[in-house]
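Beneath this line is the structure, given in structure tokens, with notes to follow.
The values are calculated or read from the model by the stated rules, or taken from the named source; none is laboratory data. It should be emphasised that the depicted structure is a prediction, and the values quoted were computed from it without experimental measurement. Cβ: placed from backbone, ideal geometry, glycine included. Neighbour counts: every protein chain shown.
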Amino acid sequence: MIMARRRPSSASLLRGRTEDQPTGHYDKGLLALFLMLLCIGLLMVLSASGVVAERMYGDKYFFFKRQLIYAAFGGVVMWVAAAMP
């Protein structure tokens, strides 16, 4: 049995690539939304835990720094996962 292949569209032929090949670009809207939500979340952590962190640890930014480290680690993992085919 021979399986039929889809023909690439004329627009992709003009650019020299087929639909199967990735473009190598990220969705800028989704990235912007991710960064906005990240900043809002970090701001919420800072405003909600500043007094408690200062009382317990003597550093107003203790929980904020931890959350920032976890966010940076998650961003690196997300970037690596996005780079995988």
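General remarks:
- Per the conditions (1) of a type in the set (A, V, I, L, M, F, W, C); (2) at pLDDT 95 or above; (3) not in a helix (DSSP H, G or I), the sole criterion not satisfied by Met36 is (3).
- Count - residues of the range 58-85 that are surrounded by 13 or more Cβ atoms within 10 Å (Cβ to Cβ) and of a type in the set (Ser, Thr, Tyr): 1
- Cβ-Cβ contacts under 6 Å between residues 6 or more apart (or on different chains), taken from a first residue in the range 55-67 that is under 10 Å from Val45 (Cβ atoms) to a second residue that is of a type in the set (S, T, N, Q) and assigned to a helix (DSSP H, G or I), are listed as Phe63/Ser49.
- Selection count where residues are loosely packed, with under 11 Cβ neighbours inside 10 Å and either more than 12 Å from the chain's Cα centre (by Cα) or among the β-branched types (Val, Ile, Thr) (or both), scope the range 28-47: 2
Quick grid of which residues meet (1) among the aliphatic types (A, V, I, L, M); (2) within 30 Å of His25 (Cα to Cα):
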residue: Leu42; (1), (2): yes, yes
residue: Glu54; (1), (2): no, no
residue: Gly58; (1), (2): no, no
residue: Gln67; (1), (2): no, yes
residue: Gly74; (1), (2): no, yes
residue: Met78; (1), (2): yes, yes
residue: Ala82; (1), (2): yes, yes
